[in-house]
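Computed from the coordinates by the stated procedures, all read-outs in this text should not be read as laboratory data. Since the model is a prediction, treat every value here as computed from it, not as a measurement. So basically every Cβ, Gly included, is an ideal-geometry build from the backbone, and we count neighbours across all protein chains shown.
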Amino acid sequence: MSGTMFKSTIGLAIALASTSIFASGFAINEQSISGMGTGFAGRSSAAEDASTVYGNPAGMSRLKREQVTGGVTLINAHTDISDASYFPNGGTNDGDMVPLIGIPMGYYVKPLDDQWTVGVGVYAPFGLVTDYENSFAGRYFGTKSGVEVVTFQPTVSYAFNERVSVGFGPTINRIEGALESDFSLTQAAPDGSVRIKGDDIALGFNVGLLAKLTDSTRVGLTYHSKVDYKLEGDTKIEYGLFALAGLGKSQKFDASLDVTTPESVDVSVTHELNDQWTLYAGSTWTRWSRLKDITVENSEVPGALVGQFGEITEKQNWHDTWAHAVGASYKLNKQWVLRTGLSFDQSPVNNTDRSPRIPSGDRTIFSLGAGWSPTDSLTIDVAYSYLQEEAVNLNNSGHGQSYSAKYENWANAFGAGLTYRF
């Protein structure tokens, strides 16, 4: 039996290490439509609406009215695959493995008095989806991946005075993942498939500090904690048309996977240049180096397969990353504000371990946005971002199979949101 099949059962682990389009690794940036318009440059210092529950919980102290903020971002991603080489079986390289996806978010903030403010948020801090065509030439190294993390965050902030505030929110995080890969027992045999799924709920926290240095300048610092998960699910193997002697055409095992989503630190500055212009700058450090390797453990495996299926480890060797952004907003009049931003985001993936599930490189993102306030109680925000990744090469081989290619990724994102103040 080919060892490639067993390598494929790493499945869910590699799905978690797959690429997300608008942030490094499998992180998601889209937790605020107003922030999206400035490239998230002022994420921890702007505090313009209730989405500051995520951006910086201390920023709730700036919101003097009870309010709700909600929105959704649609991401349309594209990939060109060229210079593909593979062995042993043929296939296609259509690219465009990320379908159109929507990322929703919602927040509520209520001031209790001049010092205390409470709030709650629901958002997606991590996630991805990739879905190659059935005949994909690199199918032995990944065909489908899906990971979704949904976070519920009750939050409180305290203002020491008009200039300094802090905020804290525990996070309740639910992760769910699924993936498929193909394998070939022999070059002449039809492909089989590996399907893995799992889920878990775990706790973390976000904490922030906001300081108003001058009447026109404020600085924010936000820490998003790591979250430790133990995903429980199953591994299902379909052997194609040929049954293994004494094992049948399929096998199903209980599977578990320990994975940690990384902590991050965001610092940003917001400076009101005058009554019309506001400038933003920010940087985010993410500890992706936690992802050295991932191990899937399968239980109730037949004795003949324990050595190959019992525990499977795949090296990742990711490194820590920095993301930097600058942005500006222009208040056209009482009703309209225009925004723009430019972001640079490092990829945590090294050149050696890059695969069809993680074909990502460093990114440059250009953003535009606008806010329209027809009344003092209502603001409608829209945003657009264009992402361009550097071209990257991947070269995967093992167990008699190989796949190498050049990937060029780019994407468009469209966001719309609404804030209503009571």
Inset, instruction - Please order GLU300, GLU30, GLU238 by the number of other Cβ within 10 Å, starting at the fewest. - result: GLU300, GLU238, GLU30
Inset, instruction - Pairs of Cα atoms under 8 Å, at least six residues apart: use those to get the relative contact order of the range 341-393, whole percent. - result: 37 percent
Legend entry - Relative exposure of VAL109, VAL149, judged by other C-beta atoms within 10 Å (fewest first): VAL149, VAL109
Legend entry - Violating pairs (Cα-Cα greater than 23 angstrom) within the set LYS64/LYS226; LYS226/LYS252; LYS315/LYS406: LYS64/LYS226; LYS226/LYS252
Legend entry - Helix-only [θ]222 nm of the chain, DSSP H runs n ≥ 4, -39500 (n - 2.57) each, per residue, nearest 500: -1000 deg cm²/dmol
Inset, instruction - Compare the peptides 44-53, 388-397 by average per-residue count of other Cβ atoms within 10 angstrom and give them in order, highest first. - result: 44-53, 388-397
Legend entry - HN-Hα J in Hz across the range 119-128 - Karplus 6.51, -1.76, 1.60, θ = phi - 60°, x for Gly and Pro: x, 8, x, 10, 7, 10, x, 9, x, 6
Inset, instruction - Give me GLU162, GLU176 ranked fewest to most by other Cβ atoms within 10 Å of their Cβ, as a rough exposure proxy. - result: GLU162, GLU176
Inset, instruction - Using only C-alpha atoms and all pairs of different ones, pull out the Kirkwood radius for the chain in Å with one decimal. - result: 22.4 Å
Inset, instruction - Under 1.5 on a/c is rounded, so check that first for the range 347-414, then, if it is not, pick prolate when a/b is larger than b/c and oblate when it is not; a ≥ b ≥ c are the square roots of the alpha carbon gyration tensor eigenvalues. - result: prolate
Inset, instruction - Could you sort 210-222, 357-369 so that the peptide with the highest average Cβ count within 10 Å comes first and the rest follow in order? - result: 357-369, 210-222
Legend entry - Amide H contacts under 5 Å for GLU66, placed H, 5+ residues apart: PHE422
Legend entry - Normalised contact order of the chain, rounded percent, pairs of Cα under 8 Å and 6 or more residues apart: 21 percent
